[in-house]
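The values are calculated or read from the model by the stated rules, or taken from the named source; none is laboratory data. All values derive from a computational prediction rather than experimental measurement. Please note: Cβ atoms are built from the backbone with ideal geometry, for glycine as well, and neighbour counts cover all protein chains shown. Accessible surface is based on the protein model in full, side chains and every heavy atom, while ligands, DNA and RNA are left aside. Shrake-Rupley method; radii C 1.70, N 1.55, O 1.52, S 1.80 Å.
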Number of protein chains: 2
Amino acid sequence: MKIKVILTAISLIVGASYVSAALAQAKPEQLVKQRKAAMVLIGKYWGPIGRMESGKSPYKAETVTRNAGYLAVLSKLPWDGFAESTKDVKSRALPEVFSDADKFKEAADKLMKTTAALAKVADGGSEAEVKEALGAVGKSCGGCHKNFRAKK
Amino acid sequence: MKIKVILTAISLIVGASYVSAALAQAKPEQLVKQRKAAMVLIGKYWGPIGRMESGKSPYKAETVTRNAGYLAVLSKLPWDGFAESTKDVKSRALPEVFSDADKFKEAADKLMKTTAALAKVADGGSEAEVKEALGAVGKSCGGCHKNFRAKK
């Protein structure tokens with residue numbers, strides 16, 4: 001019985017320290033900083049291939065393949081940064097991110113899906129196929145920004 | 001002959017617009033912002049598994065596998081942000097980044113190598129093997145920060 005109490009106490013302490021470690025991670029300002037960082041990198045690797053889609057830059061398959069691979073990963077990283085706790089931190093996120101969370105999640109899922117599709121097509125697909133996939137990614141960026149991000 | 005001149009002129013114009021597109025990307029402040037973003041995300045995904053290595057958090061194989069996969073990609077992203085053009089932009093990068101570029105590149109390569117090794121080991125390796133790989137990543141973070149980043 002005594003052992004059981006001690007074990008319960010230990011597991012509570014371990015549990016609490018785990019939770020506090022997780023919470024230490026989850027300071028709202030830090031979350032906003034991290035989600036912005038993900039967006040900055042998405043912009044870094046989207047920019048050059050977005051310009052290829054719109055014909056502003058010449059098509060370079062090698063760059064598309066590399067950037068698409070990065071974007072398929074980077075597109076997964078912003079979302080846990082939009083925690084409810086960040087609602088009052090100054091950023092361009094509109095209140096709809098939190099009040100219309102289902103639609104926001106749908107928009108996030110769309111970016112993950114279109115970048116994954118792009119990465120797949122970029123691995124050996126034709127320029128026309130790749131450009132179609134690029135168009136879908138661009139649309140998913142724009143759709144979310146339009147509904148969930150304040151204009152500058 | 002006339003055609004040759006025209007073609008040369010066209011290729012120069014195309015070349016120039018390509019270069020200017022590349023340069024438009026490469027504003028020093030933007031490069032610094034992008035490299036910082038990569039470091040922020042490396043910190044986001046390293047933090048929780050670094051704490052597992054040091055025993056501050058309980059070991060969770062699932063988190064290690066996920067974060068290691070992200071880090072293997074993220075560790076490739078900061079380096080083109082340390083272009084010579086950023087030398088005078090305010091940041092914690094020490095002058096040695098540019099004056100001892102070979103050693104800096106070596107340190108960057110080490111991070112890419114150790115995170116790739118971690119991602120490999122995290123895919124089914126034992127806790128002991130993973131913790132050894134985590135240790136190597138931690139060392140490669142610290143080594144570079146010690147020599148190439150100003151203290152706060």
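Label-point spacing at B:A150 relative to the other copies reads 3.1 nm, in ascending order, each point sitting 7 Å out from Cα along Cα→Cβ. Remark: for residue pairs A:K90/B:K27; A:K76/B:K36; A:K33/B:K151; A:K87/B:K27; B:K27/B:K139, the C-alpha separation exceeds 29 Å in A:K87/B:K27; B:K27/B:K139.
Taking all protein chains as they are arranged and a probe of 1.4 Å, the heavy atoms of B:E132 leave approximately 140 Å² accessible to solvent. Give me the summed buried accessible area for the A-B pair, 1.4 Å probe, to the nearest 100 Å². Separately minus together, A and B give about 2200 Å² buried.
Other residues lying with their Cβ under 9 Å from the Cβ of A:V40 contribute a combined charge of +4, Lys and Arg counting +1, Asp and Glu -1. Could you give, in nm with one decimal, how far B:K60 is from each other copy of that position, shortest first, with labels 7 Å out from Cα toward Cβ? With the label placed 7 Å along Cα→Cβ, B:K60 yields 4.0 nm.
Take each residue of peptide A:48-60, count the partner chain Cβ atoms within 10 Å of its Cβ, and average: the result is 2.
Here is how far apart the A:K103 label points are across copies: 5.6 nm, shortest first, using a point 7 Å from Cα toward Cβ.
Taking the protein heavy atoms of the stretch A:51-130 in the context of the full set of protein chains, the accessible area attributed to carbon and sulfur is 52 percent at 1.4 Å.
Treating r as the C-beta distance of A:E62 and A:F98 and R0 as 45 Å, the FRET efficiency rounds to 0.65.
Shown are B:T63, A:T65, B:T115, whose ranking by accessible area with a 1.4 Å probe and every protein chain present, most to least, is A:T65, B:T63, B:T115. Where Lys and Arg each count +1 and Asp and Glu each count -1, what net charge lies around A:A116 among other residues with Cβ under 13 Å from its Cβ? Once all neighbours under 13 Å are counted, the net charge is +2.
Note on A:F82: accessible area approximately 40 square angstrom, rounded to 10, probe 1.4 Å, nucleic acids and ligands left out. Only protein heavy atoms count here; on that basis, with a 1.4 Å probe, B:D123 has an accessible area of about 120 Å².
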